[in-house]
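Below is one structure, written out as structure tokens; comments come after it.
The values are calculated or read from the model by the stated rules, or taken from the named source; none is laboratory data. All figures in this text were calculated on a predicted structure; none of them were measured in a lab. Here the Cβ is made from the backbone with ideal geometry for all residues, glycine too, and neighbour counts use every protein chain on show.
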Amino acid sequence: MIHSAHTKTLYWAATAALALTLSGCLSLGAPSKQTPETLPNWVLSPPTSNTHLYGVGSASRIDNVALAFTQAEQNGNAQIAQQLRTQVSQVNTQNTQVQSGQGGEQVSKSATAYTRVSTSPIELEQATNEARFAAEHYVYALQSIDRSRIVTKLTQAIEETDARIRNTADRLATQQHQMPVEQDWRTYMQLIPYFAQRQSYQNDLNLYSTERTLAGKADAEIQAIEQQLNQALSFYGFDTSNTTQAESLASALSQFGLTPNQQGTFHLKSNTSQRSDTQADRFYVFEEGTLTLLGPDNTHLASWTIRARGIGKSQESAAKMATDNWSTQAIEDMFDWLTKGA
């Protein structure tokens, strides 16, 4: 019995020693802390440059690493776009403070007209991938755009547009600081899309320019021509009194930077009808008819057939919506005709 007990004691001692030895080996074989990854400097501190803009994007690493990098590049592009938005917002704030109180009413009329013109975008440089890095859980992409090349291209586009504005203005019968005359109405209407295009280019230029003030500012001659255009838009009024939608058409004219005026150069006539329907406690009113534009000598210039619909909880509200929608569409069609080489 004594021999058996001694044998058991030796067995358990040897087992414990072996366990301790294995435990020690396992501890030496696996570090207690994972070594942190070393990220490239550009991940936390993107490069800075007067000619380029940089953005860093990241995305979760997935099995399809190429797709993850595509997402990271898109996020980097979004970061560049955010920088541009912040910059142009600061510039616009400064410019608004400078211009406040300087002919605000006239400027707003032409500015309203510009927003109604479809402009052609200029093809700009695309963002370029400069570097990539794949970590254990995330991938990173460094994106850049060459703002100097974009600024050059936009500046050239503005100069070409200014040349078109000058050539068009040369056809006017009056000089600067003189009141517009009726015979020039076509020329003034053709100036609207040129100034709208110029404004579009200038907005893009201010996104990419490094100037602290508003870039692409017009010279004295272009500013004077724009003032003439502002006066013309007020001078060439549109008489809506001979229509059944006089108030709605007058409101729509203002939305397009045009002036409703019973003594205006142009006269509008309308011939419309309405029909209604009721479904599920809602009223539907359909308005259809023709808007006719008469010129300074009361001659027919153009006509447009418009269809519109209004929906409301009452017959009256639905009819008013139909008339408003019809009027807006009619004036939009007329504005397009006036500004596209009437």
Inset, instruction - Kindly indicate whether any position in the range 304-320 is assigned to a strand (DSSP E or B) and within 23 Å of residue 192 (Cα to Cα). - result: yes
Inset, instruction - Kindly indicate whether any position in the range 251-265 is outside the structural domain of residue 164 (by TED's automatic domain parsing), over 23 Å from residue 117 (Cβ atoms) and not small (Gly, Ala, Ser). - result: yes
Legend entry - Matching entry among 156, 176 (being of a type in the set (S, T, N, Q), part of a helix (DSSP H, G or I) and more than 20 Å from residue 84 (Cα to Cα)): 156
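In the range 159-173, how many residues are free of Cβ contacts under 8 Å to residues at least 40 places away in the same chain, closer than 16 Å to residue 192 by Cα and either assigned to a helix (DSSP H, G or I) or under 30 Å from the mean Cα position of the chain (by Cα) (or both)?
5
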Legend entry - residue 264 vs. criteria touching a Pro at 6+ places or on another chain (Cβ under 8 Å) and of a type in the set (Gly, Ala, Ser): no
Legend entry - Per-region count, the range 324-342, residues under 15 Å from residue 249 (Cα atoms) and free of Cβ contacts under 8 Å to residues at least 24 places away in the same chain: 1
Inset, instruction - Kindly check whether there is at least one residue in the range 90-99 that is at pLDDT 55 or above and exposed (fewer than 10 other Cβ atoms within 10 Å of the Cβ). - result: no
Inset, instruction - Give the range 135-153 a look and list any residue that's outside any helix (DSSP H, G or I) and surrounded by fewer than 13 Cβ atoms within 10 Å (Cβ to Cβ), or say none. - result: 136, 137
Inset, instruction - Please work out if residue 276 is free of Cβ contacts under 8 Å to residues at least 60 places away in the same chain and not in a helix (DSSP H, G or I). - result: yes
Legend entry - Single match in 66, 78 (criterion: closer than 12 Å to residue 144 by Cα, assigned by TED's automatic domain parsing to the domain that holds residue 135 and surrounded by fewer than 16 Cβ atoms within 10 Å (Cβ to Cβ)): 78
Inset, instruction - Residues being among the polar types (S, T, N, Q) and either more than 18 Å from residue 252 (Cβ to Cβ) or touching a His at 6+ places or on another chain (Cβ under 8 Å) (or both): count how many of those fall in the range 265-323. - result: 10
Inset, instruction - Could you check, for the range 287-298, whether at least one of its residues is in a strand (DSSP E or B), surrounded by 14 or more Cβ atoms within 10 Å (Cβ to Cβ), in contact with a Gly (Cβ under 8 Å, 6 or more places away or on another chain) and not assigned by TED's automatic domain parsing to the domain that holds residue 118? - result: yes
